[in-house]
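Here, each number is a calculation from the coordinates, and none is a lab measurement. Computed from a prediction, not measured in an experiment: that's the story for all the values here. Cβ sites come from the backbone with ideal geometry, for glycine too, and all protein chains shown count toward neighbours.
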Amino acid sequence: MQPFFITSKMTTIQGVFYPTGYAFVVFPDAENAQQAAQKIEQAGFNEQDVMFLTPSVILREIGRIDGESSVELPSVGTEGATVNKYINLAREGHHALMVKAPSDDDAKRLMTVVREFPFSYAQKYHMLAMEDLE
């Protein structure tokens, strides 16, 4: 598991978070996120492709919010609404994992592991669509 780092390939031209080929899974606490990360790696995902995000990282890097500012990003379609959901969950103390899962089979394998833990929200980013994972 790696700490999260954002690259220009993870955003739209407008700068909205949209990491194509990744799944973003939010957990109610760090312990469940970290335990899930270990099991995800044991399920065959490369540790380089599993990134851990604390609430402050979600707010700062994805939501572009410093500290506990109450300012939210303007909604830019579905992408903006999803980022706002991440912001709200981070403000409640939720942690996240971002996992490279380019294929549908990867997403299924990932969610088989994730479902063993309490999770708050899971989203898969396709080239032209976002998919809620359950």
All-pairs alpha carbon distance profile, the stretch 1-61, 10 Å steps from 0, percent: 19, 53, 25, 3
Pairs of lysines in the chain (C-alpha under 14 Å apart; 8 or more residues apart or interchain): 4
Amide H partners (placed H, <5 Å) of L133, local residues excluded: A122, Q123, K124
For peptides 79-88, 40-49, sequence by mean Cβ density within 10 Å, most packed first: 79-88, 40-49
Other-chain or far-sequence residues with amide H under 5 Å of A101's (modelled H): Y22, A23
CD proxy at 222 nm, helix term only [per DSSP H run n ≥ 4: -39500 (n - 2.57); per residue of the chain; nearest 500]: -9000 deg cm²/dmol
Matching label, Cα extents along the principal axes in Å computed from the structure shown, candidates (1) 63, 29, 23; (2) 38, 31, 24; (3) 58, 30, 26: (2)
Residues with amide H under 5 Å from that of Q2, placed H, sequence gap 5 or more: V50, M51, F52
The stretch 17-132, relative contact order in percent, only Cα pairs under 8 angstrom and at least six apart counted: 48
